[in-house]
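The values are calculated or read from the model by the stated rules, or taken from the named source; none is laboratory data. Keep in mind it's a predicted model, so treat the numbers as computed, not measured. Positions of Cβ are backbone-derived with ideal geometry, glycine not excepted, and every protein chain shown enters the neighbour counts.
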Amino acid sequence: MHKSTKTRYVFIVNKTKGSNLGNADVADSFFSRFKGLMMVKNLERGLILKLPSQRSRRSSGIHMFFMRIPLDIIFTDSEKKVVDKVTLDPWATYTPKAPAKFVIELKKGKLAESNTEIGDELDFACESI
């Protein structure tokens, strides 16, 4: 499990499509972002990585080192508009097409299930997001 003392739980929806992306934890500290979903065998909830302000496209990239399962990844800007999306297998790396404020890691299949596309507006809320 990927809990920390700063974990908050949110519900993610695609406002553009009216579809549900499920529940997610929020990783907003250096350690919680670093640990991410490494070594997780069964994904119960997704994970939203809240990146520090002023991240470039390159520093918004992610890696799948030490991952055990493939993931659907959504990159959004500060307005929660999808700027890129990808499905990655363990040990892959990826740099998004545009800088991201939030990186959403979901169980593989959620992108297709929710029909989420670049340009869609998502919604998730909790204090301090």
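When segment 67-76 is filtered for residues that are more than 10 Å from the chain's Cα centre (by Cα) and either modelled with pLDDT under 85 or surrounded by 14 or more Cβ atoms within 10 Å (Cβ to Cβ) (or both), the ones remaining, listed by number, are MET67, ILE69, PRO70. Close Cβ contacts (under 8 Å, 6 or more residues apart or on different chains) running from residues in segment 76-96 that are over 20 Å from MET64 (Cβ atoms) to residues that are small (Gly, Ala, Ser) comprise ASP77/ALA98; ASP77/ALA100; LYS81/GLY119.
In summary, ARG57 fulfils each of the numbered conditions (1) without any contact (Cβ under 8 Å) to a residue 24 or more places away in the chain; (2) surrounded by 14 or more Cβ atoms within 10 Å (Cβ to Cβ); (3) farther than 22 Å from LEU21 by Cβ with the single exception of condition (1). Restricting attention to segment 86-107 and to residues that are over 15 Å from PHE75 (Cβ atoms), modelled with pLDDT under 95 and not hydrophobic (A, V, I, L, M, F, W, C), the residue that is nearest to the chain's Cα centre (by Cα) turns out to be LYS107.
Selection of segment 80-109 for residues being of a type in the set (Lys, Arg), outside any strand (DSSP E or B) and under 18 Å from ALA27 (Cβ atoms) yields LYS80, LYS101.
Within segment 12-22, track down each residue that is surrounded by 14 or more Cβ atoms within 10 Å (Cβ to Cβ) and assigned to a strand (DSSP E or B). Passing the criteria: ILE12, VAL13, ASN14, SER19, LEU21, GLY22. Checking segment 27-44 against the condition returns no match, with no residue being farther than 15 Å from THR76 by Cα, of a type in the set (D, E, K, R), in contact with a Gly (Cβ under 8 Å, 6 or more places away or on another chain) and at pLDDT 75 or above.
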